[in-house]
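**Student:** The structure is given below, and queries will be raised subsequently.
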Ligand code: PLP
């Protein structure tokens with residue numbers, strides 16, 4: 001490893017950090033992480049913290065997952081690369097597709113299309129949704145509807161359905177024919193609704209209204225995260241996704257579940273869709289599929305949708321793919337991570353400890369006026385900062401950053417996004433880690449005043 005002075009001097013000099021202003025990265029240097037063990041990370045100065053971000057919502061099994069590390073090393077030796085484009089395949093990609101159809105069978109998702117990450121999975125889902133309708137003679141169905149505050153990655157299609165203008169404005173014009181509806185965000189919603197189930201019904205009604213307004217025969221798909229993640233961890237009422245499924249079915253609109261964060265246990269169930277009792281037509285996955293150790297993704301396809309492609313003539317040809325679709329090292333990492341996930345069932349721990357973490361955060365909120373809202377599902381939680389609880393004016397800028405810095409110095413890495421602090425720790429944490437996350441959160445809150 002280069003010495004710490006070299007790393008600090010060059011941290012942001014030649015590397016543009018994603019989702020950051022280059023000048024800001026120079027002025028406020030990002031933390032330089034050089035080690036990881038269990039649920040802890042270590043920075044360049046040797047400071048050790050619990051990683052309450054879980055990498056970037058992806059290191060579900062922590063940093064010491066031997067099975068994945070060994071699988072990657074062995075695969076590098078056996079076959080470091082071979083393509084799965086028409087005419088060739090590789091053994092690990094085949095093995096992974098077999099394993100995934102087993103894992104996702106209760107979701108009805110029996111086919112996979114491999115990608116290099118979450119944005120790729122979203123992009124190909126949008127394309128295949130249009131193609132599905134074309135094959136069936138409904139080529140007019142080209143539009144997409146999504147939720148305000150939804151996050152669907154950074155490619156042009158994903159950015160177009162993104163529900164936060166911050167990620168769209170610099171890159172417009174984006175894909176035409178993308179429309180957004182207000183999601184079931186209880187703390188702030190345009191309807192003034194304060195009862196979760198009523199809000200779920202209202203948001204679902206907005207979807208049906210938008211489909212009707214656009215003309216159902218022009219709408220290809222509705223895309224949603226089962227729990228909004230990057231938009232501030234917004235769990236809907238348990239009825240919401242079922243209502244969405246019913247509306248989509250009624251109007252022939254496909255349902256794409258963007259489970260890049262929620263698949264593999266984070267919500268307290270194997271997948272977010274299963275958590276809400278819904279089978280989507282497509283499911284976008286990535287992140288924890290390799291426990292974050294290798295860039296890889298899988299678009300999962302429902303059997304009934306797959307059969308339309310498989311039973312078609314030339315129009316069902318998947319004319320889309322990535323050099324790294326089914327990368328053997330990524331596939332080996334995914335086989336090991338998914339097998340380990342199936343073995344230890346980390347969603348059970350998420351279902352037990354998530355409510356405890358939230359209860360602790362709610363307790364802190366009672367004592368700290370700057371916390372306007374506490375939300376979460378399983379082991380994905382957020383606290384929302386406000387300057388005034390009555391007006392709900394968001395607290396942005398220096399205060400959340402002071403929170404993050406103080407919590408970090410006290411031993412816990414938390415991610416601040418806008419006026420939210422987001423917690424998505426590895427799913428293998430225990431009660432002592434929850435206690436530490438809560439005490440460092442209190443340190444952070446004290447530093448804000
Ligand atoms: N979809 C969702 C729901 C995500 O949270 C993300 C990333 O955080 C993406 C898509 C994009 O994934 P990636 O960053 O791997 O391209």
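**Student:** Could you look through segment 102-141, keep only residues that are surrounded by fewer than 18 Cβ atoms within 10 Å (Cβ to Cβ) and outside any helix (DSSP H, G or I), and pick out the one that is farthest from the ligand (Cβ to nearest atom)?
**Tutor:** Among them, the one singled out is 137.
**Student:** If residue 367 satisfies every condition in (1) touching a helix residue (DSSP H, G or I) at 6+ places or on another chain (Cβ under 9 Å); (2) under 21 Å from residue 236 (Cβ atoms) but one, which is the exception?
**Tutor:** Condition not satisfied by residue 367: (2).
**Student:** Are any residues in segment 43-58 surrounded by 16 or more Cβ atoms within 10 Å (Cβ to Cβ) and not in a loop (DSSP other than H, G, I, E, B), and if so, which ones? Please lay out each step first, then the result.
**Tutor:** Quick first cut of segment 43-58, residues surrounded by 16 or more Cβ atoms within 10 Å (Cβ to Cβ) only: 43-44, 49-55, 57-58.
Those that are surrounded by 16 or more Cβ atoms within 10 Å (Cβ to Cβ) and not in a loop (DSSP other than H, G, I, E, B): 43, 49, 50, 51, 54, 55, 57.
**Student:** Can you run down the residue pairs with Cβ atoms below 7 Å, 6 or more apart or on separate chains, where the first is in segment 87-101 and surrounded by 15 or more Cβ atoms within 10 Å (Cβ to Cβ) and the partner is in a loop (DSSP other than H, G, I, E, B) and at pLDDT 95 or above?
**Tutor:** Once the first residue is surrounded by 15 or more Cβ atoms within 10 Å (Cβ to Cβ) and sits in segment 87-101, its partners that are in a loop (DSSP other than H, G, I, E, B) and at pLDDT 95 or above give 90/79; 90/82; 90/84; 90/326; 93/84; 93/326.
**Student:** Still on this structure: Is it the case that some residue within segment 1-12 is closer than 22 Å to residue 154 by Cβ, modelled with pLDDT of 95 or more and outside the structural domain of residue 260 (by TED's automatic domain parsing)?
**Tutor:** Scanning segment 1-12 turns up no residue that is closer than 22 Å to residue 154 by Cβ, modelled with pLDDT of 95 or more and outside the structural domain of residue 260 (by TED's automatic domain parsing).
**Student:** Yes or no: residue 397 out of contact with any strand residue (DSSP E or B) (no Cβ under 8 Å at 6 or more places or on another chain), buried (at least 18 other Cβ atoms within 10 Å of the Cβ) and at positive phi?
**Tutor:** Taking the combined requirement at face value, the residue does not satisfy it.
**Student:** Here is a follow-up. Say we look at segment 149-168 and pick out the residues that are part of a helix (DSSP H, G or I) and in contact (Cβ under 8 Å) with a residue 12 or more places away in the chain; which of these is surrounded by the fewest Cβ atoms within 10 Å (Cβ to Cβ)?
**Tutor:** Top of the filtered list is 156.
**Student:** Yes or no: residue 348 closer than 30 Å to residue 289 by Cβ and assigned to a helix (DSSP H, G or I)?
**Tutor:** yes
**Student:** Being without any contact (Cβ under 8 Å) to a residue 40 or more places away in the chain and touching a helix residue (DSSP H, G or I) at 6+ places or on another chain (Cβ under 6 Å) is the filter here, so list the residues in segment 190-215 that pass it.
**Tutor:** Passing the criteria: 191, 193.
**Student:** Tell me which residues, restricted to segment 222-240, are without any contact (Cβ under 8 Å) to a residue 60 or more places away in the chain and either within 14 Å of the ligand (Cβ to nearest atom) or in contact with a helix residue (DSSP H, G or I) (Cβ under 7 Å, 6 or more places away or on another chain) (or both).
**Tutor:** Correct list: 226, 236, 237, 239, 240.
**Student:** Here's another thing I want to ask about it. Of all residues in segment 285-303 being in contact with a strand residue (DSSP E or B) (Cβ under 8 Å, 6 or more places away or on another chain) and in a loop (DSSP other than H, G, I, E, B), which is nearest to the ligand (Cβ to nearest atom)?
**Tutor:** It comes out as 286.
The values are calculated or read from the model by the stated rules, or taken from the named source; none is laboratory data. Remember, predicted model here, so these are calculated numbers, not experimental data. Ideal geometry is used to build each Cβ from the backbone, glycine not excepted, and the neighbour counts take in all protein chains shown.
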